[in-house]
Ligand code: CU
Ligand code: ZN
C-alpha cells in the first residue's frame, strides 16, 4: 500500500513537471524542467511499473509530445462555397523545412498560400485564422525574400485540371520553439499573391483552410 502511494506521488510530480514545462517560461528554465522530468521517467522505468522510456523504442504517445517535432501536417478543407482541398506537410531537413503541398479543385492559375496566425478555422469564410503568421514582425514578401512573414509561402500554381503541387525548402518556417508553426492555420486564397502588397499580398478571399498539427515522423 505504501509503495502504491509513493508511486502515485511520483506520477503526480511527473505530471506537474510536465505541465509546467509546457508553459511559456524561459528556454533555460524549460530545459531544466524537462531534464527533471527525464529523471522522473527513468525512475519510473527502474521501478519496473511503467513501460515508459524517454529514448528507447517502446515509447507511448506522450513521449512524442516531449521530443522535438520533425514533421507537421495540415489537411485543407474548402471554406463555404468553395471546393478546394489538399494536404500540406512540413518536414525538418538540414537546410530548412521541406514544404510539400498537394491541392486540387482550384481554378487554374496562381493562388496565394500562407500560414496564418491562428489555427481557428471556425469561420465559414476562414477569416478566424487571422492575418499572416508573423512572429518576427517583418513585412509581407515572397517565400525566398529575406524580408517576409514567417508564414509567407508565396503561390501555388494550379494546372488546367485544377491541381497544384508546391515543393520547396523554406528557410524561415520553424517546427519547434517560440516561432513554431504548430497549431497555426494554413490558408489557400482565391487570387494570386503579388508578394508585395502589405500585409496580405492582395491574394483575395480564403478558399480553403486547415490547422497545422504534429505528424508521425516515420
Ligand atoms: Cu493568406
Ligand atoms: Zn505575408
Note: residue 89 to residue 104 extended length (0.36 nm per residue) minus current alpha-carbon separation gives 3.9 nm
Segments 112-122, 197-207 sorted - mean Cβ within 10 Å per residue, highest first: 112-122, 197-207
Using a/c under 1.5 as the rounded threshold, could you call the stretch 135-194 rounded, prolate or oblate? The axes a ≥ b ≥ c are square roots of the C-alpha gyration tensor eigenvalues, and prolate needs a/b larger than b/c, oblate otherwise. prolate
According to the Cα gyration tensor, what semi-axes, each the square root of 5 times an eigenvalue, does the equivalent ellipsoid of the stretch 66-168 have, listed from largest to smallest in whole Å? 22, 17, 15
Heads up, the stretch 115-218 by the C-alpha gyration tensor (a ≥ b ≥ c square roots of eigenvalues; a/c under 1.5 rounded, else a/b over b/c prolate, else oblate) looks rounded
Sort 138, 144 so that the residue with the fewest other Cβ atoms within 10 Å of its own Cβ comes first and the one with the most comes last. 144, 138
What's the exposure ranking of 68, 92, going from fewest to most Cβ atoms within 10 Å? 68, 92
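Readers should treat all values here as calculations from the given coordinates under stated rules, not as data from a laboratory. If you're wondering where the values come from, they're calculated on a predicted model, not measured in any experiment. Counting neighbours? That spans all protein chains shown, and the Cβs are built from the backbone with ideal geometry, glycine included.
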